[in-house]
Amino acid sequence: MECEVLGRYLDLYLDGELAVEERAEIEAHLRGCESCRMAATHEARFRTAVRHAMLGVRAPRSLHEQVARRLRSRADEAPRVGMVVAWAASIAVVIGVAFGASTVLGPADPLDDAVAVHAAASGSEVWGDAARVTGFLRERAPFTFRVPIEDREGLRLVGARVTRLGTSPAIVYQYDLGGRRVSVAQYPLSDPARPGGLRMDQRRGYTVATWADSGLEQAVVGDAPEQEVMRIIPASYSGR
């Protein structure tokens, strides 16, 4: 089995939807291919992180109590009609809570999603050197892309994934920085007038550096110190 073939069947393998023979073939490949084994590990970790995050979402107890009160009061007044009214009222409460949450949270921020993807160790769709990654992206990229940071001593492009961050189509590149994992998210600018200068930030304990280039936002995310992140950013944006 070739790496590209495994990439097409990785989701089915992790979902447990393959036949015994197919699983055995994939597992044999994973035992002998480090890059695919890393891809499978990252993807499995990402799925686990998402699953845990979703399990942490719970309706407030007050909502349960309010629905129960409505059901009891309507049932006492008119058993059949009351149940319909109570059901409609319950749905309205749920919709109201959801709408209120979206209003408070506001629109999704691609940069927050980029940090979440890095923290979850999301796997790449393609692994390999820069030539293999760019070849893959020429066929799959949802916009005209540019590799954000070229390989240099101590820094290698090792993978990429086409995804969405917030409502934006995006590419998340994976780099190896002297043994550290660094993600670089790339997505179209929401504000074309945004200045192209470098911005440094800290989010969820990660160093984040962003800059605009040719209509695209670039966001470096990693646990490396700010000075180390600065060294890998193109000189035209880092001020060197």
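Every number in this text was worked out from the coordinates using simple rules, so none of it is lab data. If you're wondering where the values come from, they're calculated on a predicted model, not measured in any experiment. So basically every Cβ, Gly included, is an ideal-geometry build from the backbone, and we count neighbours across all protein chains shown.
Details
- Take each peptide in 3-16, 125-138, 211-224, count the other Cβ atoms within 10 Å of every residue, and average; sorted highest first, the result is 211-224, 125-138, 3-16.
- DSSP-assigned coil residues among chymotrypsin sites (Phe, Trp or Tyr not before Pro) in segment 143-203, each with at most 16 further Cβ atoms within 10 Å: 143
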